[in-house]
Amino acid sequence: MSYLIWLSRVALLGLAATAASAILLFSTGAKKESDSNQVIALTQENIQTWKSRVAQPPTPTTQLSSQKQSGDEQKVPKRYFDLNQSLSLNASLFATHTSLGMVAIGVAEGNYRLFIENNTLYLEQTAGYFGHTDPGNLSWGEVVTNYGPCSDQGRSGGNIAKAEQMCSQRALGGLSRQLVDLNAAGIDPNADLEALLNTADLYNQARLIHSRKFPEALELARQGGKTGVEAIAWARTASFYINDAE
């Protein structure tokens, strides 16, 4: 289950930023244990959809571009990026509240928990899924109750089905921007699922002035020799202060 690697990394890094204040989080409407909607046994259709996206996508088409080196014009390969093609490939990540991308966001928010029992993968909706106040909101002087996988800032008014739909719509609404930003930073969003999931998660958590800096920060981290979780963690932190250095 290699897709669990992406989920665990996004969850670990997404929660790290709020771990110190997590003790302040309190539930306002926990679901009863007997409610069958609290734990979802993910179907083979869910799993196959996840696996198909985690699998390496087709090699991107390349085109030749001109660059001048030492006075001579040379043709060098350049990665071709088609936004519509990329959207078609990645939209399924956020299509429903149990799609891979939405699960990653939900786990990072503390609203989902994944576990395996008797060779079946389960997705548990935590108490926070059904209503909680975020410490981050309190720090801004706002008091709102969040619902659904993405912590919807109260937009659904407590209607869980509406919260699930709105979370997916919001994630899909930001996807084009995220794909373009990753490509502009030199990261192939179709091949680097970990970068894409972290970009989407940060978009859900932070203001655009910070979240849109994540791709640039990640590329800087990698150019500096950082890899894996270290690069992701550095970039997520740097995206909040990189504007101050400009």
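The values are calculated or read from the model by the stated rules, or taken from the named source; none is laboratory data. Keep in mind it's a predicted model, so treat the numbers as computed, not measured. Every residue, glycine among them, receives a Cβ derived from its backbone with ideal geometry; neighbour counts consider all protein chains shown.
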In the range 221-237, anything out of contact with any Lys or Arg (no Cβ under 9 Å at 6 or more places or on another chain) and either closer than 16 Å to residue 182 by Cα or of a type in the set (Asp, Glu) (or both) is listed as 221, 222, 223, 230, 236
Screening 63, 48, 153, 56 for residues that are part of a loop (DSSP other than H, G, I, E, B), at pLDDT below 95 and loosely packed, with under 12 Cβ neighbours inside 10 Å leaves only 56
Checked 96, 145, 133, 126 against criteria (surrounded by 14 or more Cβ atoms within 10 Å (Cβ to Cβ), under 18 Å from residue 156 (Cα atoms) and in contact with a His (Cβ under 8 Å, 6 or more places away or on another chain)); the one match is 145
Screening 164, 109 for residues that are buried (at least 24 other Cβ atoms within 10 Å of the Cβ), charged (D, E, K, R) and touching a helix residue (DSSP H, G or I) at 6+ places or on another chain (Cβ under 9 Å) leaves only 109
query: Is the range 161-176 home to any residue that is without any contact (Cβ under 8 Å) to a residue 24 or more places away in the chain and outside any helix (DSSP H, G or I)?
result: no
